[in-house]
Each structure stands twice: as C-alpha cells, then as structure tokens.
Amino acid sequence: MKRKQLVIIAVGLAAVLIVIGMAVGLPSSKQDRMANTPDTIRPATAIAAVAKEERIEQDSAHRMLRFLEEHPEKASITILRDGKKLAGREEHRMMPLASTVKTVIAVEYVKQAAAGTINPDERIKLTALERFYLPRLNGGAHPAWLREMEAKGQLKNGTVSMREVAKGMILFSSNANTEYLMDRLGLEQINQTKSDLGLQDHDPIYPFVSSILIPYEWMRETQGRAWDGAKYSNSAKAAVQAMSDAEFRQHAQMIHNKLARDTSGSYKRNAAIATWYDREFDRMNTERFIASTTADYASLMSKLNSRQGFTKAEQKLLSEVMEQLTDHPENQVWLQHSGQKGGSTEYVLTLAMYATDKEGHSTEMAVFFNDLDPFTNASLQNMMNEFKERLLRDESFRKEINQRIGVQVEM
C-alpha cells in the first residue's frame, strides 16, 4: 500500500519559495569525496557503501540534517520525543524568531477568549486591519488571507470574525492581523503570558511591523516636511543603529499607536516606504528582531502538545488556531493533533511544531536558522517538510538525528 504523506501547509514564511537544487553553502556528497586520490583502489564493498551514502545525502531530510551538523554558527535545534530530548544543537543561543513569535500572541488570544475578555465571534472591520498593513513587506500573506476569507464566505459587509483574524495570523502569517491583535490584547498582557509560559530567554514582544517605519519617523522629525528618503537614508541608518533596544522598541510602540489611529491611511501614504526602504534597512530590522532560543520554544511546543496548564475551553480554542494542519483528512488518519508556526525574513528561517500520533507518541521541534543567504534560505524551506515527516514517521531517521546532532538516549 502506498504510504500516505504528511500534508503540510506552508509555514507562513514571508519569503517567496524558490525551487532550486543544492543551495549555496550546501556542498554535495560527491563534491566532498573528490578529495579521494584518483589512484586509490577501494574494495567494491567500500565503493558500494559510499554510493549508498551519497544517495542518502541527496534526499531533502538528510541534506537539512547535514546543514544542521556542519553549520552550528547558523543553526539551532531542539527536538523532544515522548518527553525525552532527542536532539539539541546550540539550543540556548538567542536567535531571531521572525513570525514564530506569533505563537505567544495566539496563546494570549486563547486565554482572553476563554475568559470572555474578547469575543471570538466579534465582527472586525477590514479597515481596522488595513491600518497595520504595509504592502509588499509580508510576502503577500495578508492579501492571500483575504482571498481565502472571501472564497469561504467569511467576509460580511466588510467585516470578518475575531476568530478568523487569529487563525489568519497563524496559518497565513498576516502581519496586519498580528499588530491588530497586539492592539486589542495589549502588549503588557502578551508579555506577561510569555513569562507565564516559562519562556526565560526571550526578548520583550513589541510591534515589530511598526518598527519598519522608524527610519521614516527619524527623517520626518529631523528634516521636517522637506524630508527626502533617498537623500537622508544613510543618516537614518546610522541613527537607527545607534538606538538602544529599549529606544527602538519605544519608537515601534509610538508608530504602532499612530497606525492604530490612522483611519484615513495618510500616515502610511506620507511615509512613502517604497521610496527609501531597502535591503540594508531590512537587514537592520532583522538584527533587531525579537529573539529567543529553540530550548524555550521546544518547551512551549511541549506545553501545547500535552495541553499542560490549559483549561478545556482554552484547549478547544488552541486547537482552532494552532492545529489547522489536523483539519486535513490525510493527517487525521495517523495524527491525534499537530500544530506549528514558522517564519522567515531574507536571512532568517524558523519553525516550531508539535504533534501527537495515533499511537500516542509525542514530538516537539524548534529549529532556527540565521545569517542565511537567500538561496540557502529557499533551499532549507524546501527541505523542511520532508525533514518533519521523516522525524515523525521514520524511527531509523530519528536514530540518525540522535546520533549526529543529539544527546545519546535509549531509542
């Protein structure tokens, strides 16, 4: 019988997926073995073993494993299996989270919805979400979500339910939905939930989309109405780099408040972000991004997987928001439940996921990459799904992970 494959939704990554072969920085096994001297005669059994290893390393799961093994300066990973640590590499190093941080906001939404502080069925005006939307800076996620809502008949008189706003933040990774929820839920409450979840090595959560407009605020304040993004961008870059983290977050909060009140859209139009925002600004923003560790996020995934510390009402809401993967009939055949949140920038790729299969085995993984070139980033994205499926379904692959990047445990 043909084995069913895990159906994986794209992890909400902002970058456009590029289908490529071997990425820059991921040398093939064949290239590595060119060091063998041409006149070396090896037994047929050795040649066959090398050939088999070469074939193995060409599949996506093994290529990703090899990258994790060979590039600890760019990668961090923690994997738990049935409550035991299966793998851990650079797991306490602070790494940018990208959209994976939205998991914490989803938990706060669940807690407030279960407590009756907010109503999941409240109709939210699309214009209220639009205030936080910065075109072409979210990989088309927000428009894609809106198209999906329209196709499913979820839009009514220019409104959508709060429930769908939260689900769209996770499944489509809409940044506009994220900042709207920050505004409604409150950053103080979100950061308190971050602490309550036991995330010890975690930067404060702030309006990270609004922070993109910090250079505009600096240019407008220092140059007045005559500001010129092209002319003063270098000065703005120097000014932003000189800011402390606290100052940076304070400016982001101020801009977030302005966007929340910008009913006419004039603030964003005046910012004219397309005239000055470039890759260097993008890199600077990535370097400032909210950071945490794979150890913390694997622990968070374990709590979500086991339902530890959540009431029945919260569990139901968590399933709605975080476990949309399990809606697929193919996954329901062999999974009790499964959830994930990923994210990316041009230089960062992150994923935190959990699953419990029908046999009761639990798996949690957090894997973060940083300082990637665009080609390696796209290639790793393409490898991720097979790596996850093999992790969940292939005991021999789990043993190999444990041997190559793990702590030695009895399998």
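With respect to Ser235, is the statement that it is of a type outside the set (A, V, I, L, M), in contact with a helix residue (DSSP H, G or I) (Cβ under 9 Å, 6 or more places away or on another chain) and free of Cβ contacts under 8 Å to residues at least 24 places away in the same chain true? For Ser235, the condition - of a type outside the set (A, V, I, L, M), in contact with a helix residue (DSSP H, G or I) (Cβ under 9 Å, 6 or more places away or on another chain) and free of Cβ contacts under 8 Å to residues at least 24 places away in the same chain - is met.
Here is a yes/no grid of residues against (1) crowded, with 21+ Cβ neighbours inside 10 Å; (2) out of contact with any Cys (no Cβ under 9 Å at 6 or more places or on another chain); (3) within 28 Å of Ser211 (Cα to Cα):
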{"residue": "Ser244", "(1), (2), (3)": "no, yes, yes"}
{"residue": "Phe248", "(1), (2), (3)": "no, yes, yes"}
{"residue": "Arg269", "(1), (2), (3)": "no, yes, yes"}
{"residue": "Ala272", "(1), (2), (3)": "no, yes, yes"}
{"residue": "Phe281", "(1), (2), (3)": "no, yes, yes"}
{"residue": "Asp296", "(1), (2), (3)": "yes, yes, yes"}
{"residue": "Ser302", "(1), (2), (3)": "no, yes, no"}
{"residue": "Gln315", "(1), (2), (3)": "no, yes, no"}
{"residue": "Ser338", "(1), (2), (3)": "yes, yes, no"}
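Assess whether Ala113 counts as being surrounded by 23 or more Cβ atoms within 10 Å (Cβ to Cβ), in contact with an Asp or Glu (Cβ under 8 Å, 6 or more places away or on another chain) and either of a type in the set (Ser, Thr, Tyr) or part of a helix (DSSP H, G or I) (or both). So Ala113 fails the test. Scanning the range 304-349 for residues that are assigned to a helix (DSSP H, G or I), modelled with pLDDT under 95 and over 19 Å from His361 (Cβ atoms) yields Gln324, Asp327, Pro329. Take the residues in the range 75-103 that are touching a Phe, Trp or Tyr at 6+ places or on another chain (Cβ under 6 Å) and not polar (S, T, N, Q); name whichever of them is surrounded by the most Cβ atoms within 10 Å (Cβ to Cβ). In this case the residue turns out to be Pro96.
Arg93: among the charged types (D, E, K, R), part of a helix (DSSP H, G or I) and touching a residue at least 40 places away in the same chain (Cβ under 8 Å), yes or no?
Working: among the charged types (D, E, K, R): yes; part of a helix (DSSP H, G or I): no; touching a residue at least 40 places away in the same chain (Cβ under 8 Å): yes.
Criteria not met by Arg93.
A search for C-beta distances below 7 Å between a residue of the range 375-396 that is within 12 Å of Asp59 (Cβ to Cβ) and any residue that is among the polar types (S, T, N, Q) and not in a helix (DSSP H, G or I), counting only pairs 6+ apart in sequence or on different chains, returns Glu389/Gln5.
Conditions (1) β-branched (Val, Ile, Thr); (2) more than 22 Å from Gln324 (Cα to Cα), marked per residue:
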| position | (1), (2) |
| --- | --- |
| Val104 | yes, no |
| Val110 | yes, no |
| Gly116 | no, yes |
| Leu181 | no, no |
| Leu199 | no, yes |
| His202 | no, yes |
| Ile205 | yes, yes |
| Phe208 | no, yes |
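Here Glu359 clears all of (1) surrounded by fewer than 24 Cβ atoms within 10 Å (Cβ to Cβ); (2) in a helix (DSSP H, G or I) except the condition numbered (2). Would a scan of the range 104-117 turn up a residue that is at pLDDT 95 or above, touching a Phe, Trp or Tyr at 6+ places or on another chain (Cβ under 8 Å), aliphatic (A, V, I, L, M) and within 25 Å of Leu137 (Cα to Cα)? No: the range 104-117 contains no residue that is at pLDDT 95 or above, touching a Phe, Trp or Tyr at 6+ places or on another chain (Cβ under 8 Å), aliphatic (A, V, I, L, M) and within 25 Å of Leu137 (Cα to Cα). Of Met284, Met301, all but one fail to be under 25 Å from the mean Cα position of the chain (by Cα) and farther than 30 Å from Ser362 by Cα; the exception is Met284. When Ala252 is tested against (1) among the small types (Gly, Ala, Ser); (2) exposed (fewer than 13 other Cβ atoms within 10 Å of the Cβ); (3) within 24 Å of the chain's Cα centre (by Cα), exactly one condition is not met: (2).
Of the residues Asn119, Asn177, the single one that is of a type outside the set (Gly, Ala, Ser), farther than 19 Å from Gln253 by Cα and in contact with a helix residue (DSSP H, G or I) (Cβ under 7 Å, 6 or more places away or on another chain) is Asn119.
Are any residues in the range 133-154 closer than 16 Å to Glu346 by Cα and in a helix (DSSP H, G or I), and if so, which ones? Don't jump to the end; show me each part of the working.
Initial filter on the range 133-154 (closer than 16 Å to Glu346 by Cα): 136-141.
Across the range 133-154, the qualifying residue is only Ala141.
For the range 339-363, a tally of residues being without any contact (Cβ under 8 Å) to a residue 24 or more places away in the chain and under 14 Å from Thr326 (Cβ atoms) returns 0. Answer with yes or no whether Met384 is surrounded by 19 or more Cβ atoms within 10 Å (Cβ to Cβ), touching a helix residue (DSSP H, G or I) at 6+ places or on another chain (Cβ under 8 Å) and not in a helix (DSSP H, G or I). It is false that Met384 is surrounded by 19 or more Cβ atoms within 10 Å (Cβ to Cβ), touching a helix residue (DSSP H, G or I) at 6+ places or on another chain (Cβ under 8 Å) and not in a helix (DSSP H, G or I). Whether any residue in the range 181-202 is of a type outside the set (Asp, Glu), within 17 Å of Tyr267 (Cα to Cα) and crowded, with 20+ Cβ neighbours inside 10 Å is what I want to check. No; the residues of the range 181-202 include none that is of a type outside the set (Asp, Glu), within 17 Å of Tyr267 (Cα to Cα) and crowded, with 20+ Cβ neighbours inside 10 Å.
Among the residues making up the range 217-236, those that are buried (at least 16 other Cβ atoms within 10 Å of the Cβ) and either among the aliphatic types (A, V, I, L, M) or modelled with pLDDT of 95 or more (or both) are Met219, Ala236.
The values are calculated or read from the model by the stated rules, or taken from the named source; none is laboratory data. Only a predicted model underlies this, so the values are computations on that prediction, with no experimental measurement involved. So basically every Cβ, Gly included, is an ideal-geometry build from the backbone, and we count neighbours across all protein chains shown.
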